[in-house]
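Structure first, commentary second.
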Amino acid sequence: MKKFLFWAALAFSTAFLPVGASAAERGTAEEASALVKKGIAYLKANGPEKSYAAFNDPQGQFVDRDLYLFVFDMSGKTMAHGANKKLLDKNLIDLKDADGKAFIKEFIDVANKKGQGWVDYKWPHPVTKAIEHKSSYVEKLNDNTFIGVGIYK
């Protein structure tokens, strides 16, 4: 009976994952916040220039499955982005999700008001291209910048 319940629960939990994106291929909230902490430590030890280059490397130590670091300044300009180099140096302050939520502005608000926290929004999954619920953990680095990592729920 226990085996049956295990397999039934496993089948039910994976039935709602998009094709091509198993639970093992998705980062967790704990892994996301740990990656932010790792990025902050690296930044403190190596400075912005070397760190941003490392954060931007899609094959580097700051990209893990669907987890990647991003850094923005408080005006919404992309300083580093582990998944899309085309976004570098672009101001995304007015970027909105599928529901019209200006989530970059919310990142900035959370960083400035709380120092760190989670922001929920909807965004296309890079593998499936389906609009999914996403949550990003952001942490203020200094008065000018914040760092973050998002997870698909």
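The values are calculated or read from the model by the stated rules, or taken from the named source; none is laboratory data. Note that this is a predicted model, so its numbers are computed, not measured. As a convention, Cβ positions derive from the backbone with ideal geometry for all residues, glycine included, and neighbour counts pool all protein chains shown.
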Residues within segment 80-98 that are assigned to a loop (DSSP other than H, G, I, E, B) and in contact with a helix residue (DSSP H, G or I) (Cβ under 6 Å, 6 or more places away or on another chain), tallied: 5
Y42 being touching a Ser or Thr at 6+ places or on another chain (Cβ under 7 Å) and either surrounded by 10 or more Cβ atoms within 10 Å (Cβ to Cβ) or modelled with pLDDT under 55 (or both): yes
Flag if A53 is over 15 Å from G27 (Cα atoms), touching a residue at least 40 places away in the same chain (Cβ under 8 Å) and aliphatic (A, V, I, L, M): no
Filtered residue count, segment 56-98, keeping only those that are touching a residue at least 60 places away in the same chain (Cβ under 8 Å) and among the β-branched types (V, I, T): 1
Considering residues of segment 75-97 that are within 22 Å of A54 (Cβ to Cβ) and among the hydrophobic types (A, V, I, L, M, F, W, C) only, the residue surrounded by the most Cβ atoms within 10 Å (Cβ to Cβ): A80
Residue in segment 99-108 that is touching a residue at least 40 places away in the same chain (Cβ under 8 Å), within 15 Å of G150 (Cα to Cα) and not in a loop (DSSP other than H, G, I, E, B) present: yes
For Y121: the one exception among (1) buried (at least 20 other Cβ atoms within 10 Å of the Cβ); (2) among the aromatic types (F, W, Y); (3) closer than 16 Å to G27 by Cβ: (3)
Residue ID - surrounded by the most Cβ atoms within 10 Å (Cβ to Cβ), chosen from residues in segment 51-65 that are out of contact with any Gly (no Cβ under 6 Å at 6 or more places or on another chain) and assigned to a loop (DSSP other than H, G, I, E, B): N56
